[in-house]
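Take a look at the structure below.
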Amino acid sequence: MRLILLGPPGAGKGTQAKMLKEKFQIPQISTGDILRQAVKDNTELGVRAKTFMDVGQLVPDDVVIGLIKERIRQRDCKTGFILDGFPRNIAQAEKLSETLADMRVVIDNIIDLEVDEREVIERLTGRSTCLDCGAMFHQISCPPKVLGVCDGCGGKLAQRPDDNRETIRERLKVYLGSTAPLKEFYMKQGNLKTVKAKGSVEDIFFRLCEMIE
Ligand code: AMP
């Protein structure tokens with residue numbers, strides 16, 4: 001199964017993608033995670049990407065398109081994959097369509113996680129992520145058992161550097177200007193499904209799975 005998850009920052013794409021990955025045993029491909037790892041490793045890509053990520057801007061298309069083209073051709077993607085955070089604009093979506101056509105594969109589900117802006121800001125400002133395993137927590141809706149420590153692996157929790165109010169505002173602006181138009185792009189192709197991303201993580205996952213199966 002090949003799936004694209006759309007939705008604004010904070011819609012829960014990463015959380016849901018991780019759960020779908022377990023259920024369907026297919027890789028989650030998150031351009032955000034790939035870029036954050038590159039920043040952590042201080043690679044050439046990471047150094048370039050960081051300047052954009054720190055201010056909530058999109059990393060240039062040539063960089064992310066190159067990453068995705070290489071990743072979806074890897075062996076573990078043969079039976080499917082979940083794209084989380086890609087495409088982020090029409091140019092990326094067009095390149096993705098070309099690449100998939102070359103590979104003679106199709107996307108089975110394109111799902112928009114719908115959530116309102118106020119909720120998004122609340123989720124992002126209270127969010128913390130495990131620096132080791134990437135598990136996510138929220139100070140109100142999903143607090144860790146021990147403050148600052150991951151329930152799963154015991155790793156250290158930290159707020160993402162771009163989860164501050166100013167950068168969140170910019171990321172939402174970028175979402176509205178560049179990413180939200182993808183809904184119409186895919187709707188015109190008759191491909192888009194929408195899931196309300198409100199309520200508990202489990203409720204959202206249930207609705208998502210119902211939509212897929
Ligand atoms: P995310 O984890 O998906 O919220 O992404 C974090 C940051 O990584 C974004 O604010 C962008 O700077 C960058 N990024 C992630 N995915 C993309 C993409 N498909 N195109 C451009 N930039 C991206």
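Of the residues screened, GLY80 is one that is at pLDDT 95 or above and farther than 29 Å from PRO161 by Cα. Look at (1) open to solvent by less than 40 Å² (accessible area, probe 1.4 Å); (2) more than 10 Å from the ligand (Cβ to nearest atom); (3) in contact with a strand residue (DSSP E or B) (Cβ under 6 Å, 6 or more places away or on another chain) and you find that GLN16 fails only one, number (3). With respect to THR99, determine if the residue is farther than 29 Å from GLU166 by Cβ, in contact with a helix residue (DSSP H, G or I) (Cβ under 8 Å, 6 or more places away or on another chain) and surrounded by fewer than 18 Cβ atoms within 10 Å (Cβ to Cβ). Yes: the conditions hold for THR99. Inclusion of ALA91 among residues that are open to solvent by 10 Å² or more (accessible area, probe 1.4 Å) and under 17 Å from LEU6 (Cα atoms) is warranted.
Scanning the stretch 155-195 for residues that are open to solvent by less than 60 Å² (accessible area, probe 1.4 Å) and of a type in the set (Gly, Ala, Ser) yields GLY155, ALA158, GLY177, SER178, ALA180. Within the stretch 13-36, residues that are assigned to a loop (DSSP other than H, G, I, E, B) reach partners that are open to solvent by 60 Å² or more (accessible area, probe 1.4 Å) with beta carbons closer than 9 Å, at six or more positions or on different chains, in the pairs GLN25/THR79; ILE26/ASP76; ILE26/THR79; PRO27/LYS21; PRO27/GLN74; PRO27/ASP76.
For the condition within 21 Å of SER97 (Cα to Cα), away from the ligand (no atom under 12 Å from the Cβ), of a type outside the set (Phe, Trp, Tyr) and without any contact (Cβ under 8 Å) to a residue 12 or more places away in the chain, GLU70 qualifies. Can you find a residue in the stretch 76-84 that is more than 10 Å from the ligand (Cβ to nearest atom), part of a helix (DSSP H, G or I), β-branched (Val, Ile, Thr) and open to solvent by 10 Å² or more (accessible area, probe 1.4 Å)? Within the stretch 76-84 (the criterion being more than 10 Å from the ligand (Cβ to nearest atom), part of a helix (DSSP H, G or I), β-branched (Val, Ile, Thr) and open to solvent by 10 Å² or more (accessible area, probe 1.4 Å)), the answer is no, since none of the residues qualifies. For the stretch 151-201, which residues satisfy the criterion of being within 13 Å of the ligand (Cβ to nearest atom) and of a type in the set (Val, Ile, Thr)? Passing the criteria: THR167, ILE168, VAL174, THR179. For the stretch 40-65, taking the residues that are away from the ligand (no atom under 11 Å from the Cβ) and not in a helix (DSSP H, G or I), the one that is most open to solvent (accessible area, probe 1.4 Å) is identified as ASN42.
The values are calculated or read from the model by the stated rules, or taken from the named source; none is laboratory data. Everything quoted here is computed from the prediction, not taken from an experiment. As a convention, Cβ positions derive from the backbone with ideal geometry for all residues, glycine included, and neighbour counts pool all protein chains shown. SASA here: full protein model, heavy atoms, side chains in, ligands and nucleic acids out. Shrake-Rupley method; radii C 1.70, N 1.55, O 1.52, S 1.80 Å.
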